[in-house]
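One structure is given below, encoded as structure tokens.
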Amino acid sequence: MANKKKRVSKETLRAISEGDFEFLDKMEKMLEVSFEESGLDPETFMLVRIAALAAMDASTASWLINLKVGKDLGIEPDQAIGTLVAIAPVIGTARLMSAAGGIVKALSFAEKMREEKYHRQMAHH
């Protein structure tokens, strides 16, 4: 039983780290509830999350979902960069560079997903 649970956990973690669409949809819904409960305006909510992701050395999948929601809420890249610059003295350069790398990976992954979706749509036509 323990081996099965361990295998399921590894499979779940792999899917999450690879941007599993079903899981990302669930996370987006959780994010919406968190936003509603926070009482913050959309901009403040997302910039606080960006700061927390950087401080926590978040995974690519975490960056992916938060950047997507941030984009949907109108957060501009300059605002995200400004947030990272503002917290750099607190979190240090290592975390800042890791955050920048996570963002680049997430954006690259999002582009790859868009391209795959486009190719699937073209194959059906």
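One table, with the values for the structure above:
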quantity	calculated
Karplus (6.51, -1.76, 1.60) ³J(HN,Hα), θ = phi - 60°, over the stretch 73-81, in Hz, Gly and Pro reported as x	8, x, 6, 7, x, 4, 5, 5, 5
Backbone HN-Hα couplings from phi across the stretch 118-125 [Karplus 6.51/-1.76/1.60, Hz, Gly and Pro as x]	4, 5, 5, 5, 5, 5, 7, 9
Ascending count of other beta-carbon atoms within 10 Å, so fewest first, for Ile75, Ile91, Ile81	Ile81, Ile91, Ile75
Nearest-20 debye value, the stretch 29-103 charge dipole, Cβ charges on Lys, Arg, Asp, Glu	300 debye
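Where a number appears in this text, it was derived from the coordinates with a stated rule and is not lab data. Source: prediction; values computed, not measured. Don't worry about glycine lacking a Cβ; one is built from the backbone with ideal geometry, like all the others, and counts go over all protein chains shown.
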